[in-house]
């Protein structure tokens, strides 16, 4: 019953809140059906819990009270669910769980090790070929961009992938479940059975998954995965292409789980025995690490200090700060999403920099998702996938930008999935950015989507005027330039889309001021941004605003000028007035004049009304957002 | 290390595309100053110059390529669009400076937009520089990938103006001077009339006239110029 109450309640909230607020706060909530009377909600973590309790709980109570009108009182409670403890389901017998807490090393010593050995012996065969193949790959790609390269030895390729890996011994994992998301879905029942407190859950989760997790998952999909799917173009330009047209089995080592993180000695190899793996490593070092060398570099300019807080991003900032203070804790992964140029990458780096400050030798790896894909393809070619895995699983924090570019890249998703699990289990922090809410990424596996929501998902929205001004002032300060308020407002009014463009524009203005040795004034800004403003002015004249608004609401421009006061016309008229005030420099009387000779108080009222509705009415908010986008490109 | 040392495709740099023979009109002082600082490794990592055809963007990009002592790549997109973007962009980020011409042609080519977007990111991650030239206002390039568009507009953007008629005369005279000859304003006007829109054509004619007058051992006058060009036709 509480399920249906919640369904109605969240539907109601869906209408009341903006999509982003709803996605961030309401969508992650679930109903705990095991509890007694009333509506008992579960929040994925304390952060969401606090926020919801603070801002939405009262409203939820109101809605529920309304919903239950006439029937008995229905109290609403909310507490933290133990979602991430879901891996506890891997254990076959829940009762054994606690016993295993103190035996974390059970895993490496039995079955999977056999897999290791068989894999490594085949790897040995490959080691010699490795070198040649990676060499030729490298020189070819360097050339393909039309750049002369000095290294051009290209006489060997490696066609022996499938032969070497066909029987690398992971077939025995056929027991692995096909539907990962199902397996991982948390069950409130089990959680409440085995996990009285947060801390305890975390501990048990950790070991339970170390037990059986890795090799269960690793078997999925591999047999039908082919290499060709994601091969990047440089490889196909190879004069003697790698044998990629043949579907070949991915060289998956059966210890692909977290056991990778353990040194070989622990896995049963003595360190004084020359091991094929180390040979392999030396061979590909230059190539793999050539790729790695530049990738872990955080942008030192992207810190919390240089991040300008505003209403639109305070949530993201708060979440990132939390993560920086408690990495690998309950906000793992931190998933930051929002439109382009709003500071997602900045926040991500800020966490990384903060972590480094606290622990200077921490291994913080930042990379763009494309890099992850490219490195993986390369690693597969060089038979260095183990090094790839080991590298990514050895980090203290992994920061991947623009995760939406994983869409459609199944092999990368597969690989990332395992990396993700390993890191989460190891308590290493993951931070991801994306241009949209996880569930809305097309072409991304469900199990990844659901995992992305395990930690904390926060949205960054476009900055409102005040924040844009604050950003400009701060950045000018940092550059030791004087930016008067009116000039800052002028720029902020014109550049509304995102922070990146705002900063680009400011750089241009500051350079203009420096080159001409003149202080920044509105006139100088006009001069510096001549071409940009000319383009905008064509878009944001009152005439054009009226045209665009009328078209959007499917009414006539003349309706906006008319005396008609029916809602279907009056609301669009108010929106158009609001936009005219917001986007142009016309005065209230001038705007009133352009709308059928109306009084300036009418315009003022319209502006106030729309401002109010922006907070309360999701539809109007959406309309204004769309119109702004049309009008300001 | 496979450092890209030279550019490629079928395109080569024109030897005479340098800063020293680029005449800078008063309205282009600031973009040129910005470009010169950019080439010295100052300021932001990406710079975007835009202007309409004939304003000299290609010349400027090639001049930067010439001048740079670090590994540089010059990529005229117009000529590269038929190639596989991943091939062309692969490892370009290893160059310290990548000069990309005609970026407006990216619009509508999803593969190229994406590849260029990734190249932009890789260059950033490597701390390497990107110089872009567009022949339309970058704010109006109809790119399908918002991530890329915002990166273009997040670069420092300068408009390079086309030269006025009078400025073209100055530019021609300056170009002649660099070649070691002196031409009158009348001769310059005559040349401009013969190549009304195309700056490049203008300079080609100047070269042609210079060569002929040298062979004929005669000073370059309007009459001689007319004679040479008519003979040639």
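All of the numbers you see were taken from the coordinates with simple rules; none came from a lab. Since the model is a prediction, treat every value here as computed from it, not as a measurement. Cβ sites come from the backbone with ideal geometry, for glycine too, and all protein chains shown count toward neighbours.
Count, for each residue of B:125-133, the Cβ atoms from other chains sitting within 10 Å of its Cβ, then give me the mean as a whole number.
That average works out to 2.
Using 1/(1 + (r/R0)^6) with R0 = 56 angstrom and r between the beta carbons of residue B:223 and residue A:477, what's the FRET efficiency to the nearest 0.05?
0.30
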Inter-site label distance for residue A:69 and residue B:42 at 7 Å from Cα along Cβ, in nm: 7.1
If you stretched the chain out fully between residue A:77 and residue A:14, how much longer would it get, using 0.36 nm times the residue separation minus the C-alpha to C-alpha distance? 20.7 nm
Determine the equivalent ellipsoid of chain B by diagonalising the alpha-carbon gyration tensor, then write out the semi-axes as square roots of 5 times the eigenvalues, largest first, rounded to whole Å. 36, 18, 17
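So if we plug the beta-carbon distance of residue A:305 and residue A:449 into 1/(1 + (r/R0)^6) with R0 = 41 Å, what FRET efficiency do we get, rounded to 0.05?
Values: r = 34 Å, r/R0 = 0.82.
Here the calculated transfer efficiency is 0.75.
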Against the 2.2 N^0.38 Å scaling, with N counting residues, where does the stretch B:165-232 land? I'd like the Cα-based Rg ratio to two decimal places. 0.97
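Rank the residues B:132, B:199, B:174 as a footprinting-exposure proxy: fewest other Cβ atoms within 10 Å of their Cβ go first.
Values: B:132 28, B:199 22, B:174 14.
Neighbour counts put them in this order, fewest first: B:174, B:199, B:132.
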Want the number for residue A:61 to residue A:362: 0.36 nm per residue separation, take away the alpha-carbon distance, what's left? 103.9 nm
Full extension between residue B:214 and residue B:144 adds, at 0.36 nm per residue less the Cα distance, a length in nm of 19.9 nm
For the stretch B:26-159, alpha-carbon Rg relative to the globular expectation (2.2 N^0.38 Å, N residues): 0.95
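For a quick protection proxy, order the peptides A:33-39, A:441-447, B:87-93 by their average other-Cβ count within 10 Å, most packed first.
On the way: A:33-39: 14.6, A:441-447: 16.1, B:87-93: 24.4.
Listed from highest to lowest mean packing, they are B:87-93, A:441-447, A:33-39.
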Ignoring solvent entirely, what values of log10 I(q)/I(0) come out of the Debye formula for the stretch B:110-209 at 0.16, 0.23, 0.25 Å⁻¹ when each Cα is a single scatterer? -0.76, -1.09, -1.28
Per residue of B:80-87, what is the mean number of Cβ atoms on other protein chains within 10 angstrom of that residue's Cβ? 5
Could you work out how far apart the two model spin labels at residue A:570 and residue B:193 are, taking each label as a point 7 Å from the Cα in the direction of the beta carbon, and quote it in nm? 6.9
Taking R0 as 41 Å and r as the Cβ-Cβ distance between residue A:605 and residue B:110, the FRET efficiency 1/(1 + (r/R0)^6), rounded to the nearest 0.05, comes to 0.35
With a 10 Å cut-off between alpha carbons and a GNM built on chain B, which of B:111, B:67, B:217 moves the most? B:217
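Give me a single rounded figure for A:361-368: the average over its residues of other chain Cβ atoms within 10 Å of their Cβ. Intermediate results must be reported in sequence, preceding the final value.
Working: counts 0, 0, 0, 0, 0, 1, 3, 7.
Per residue, the number of nearby Cβ atoms from other chains is 1 on average.
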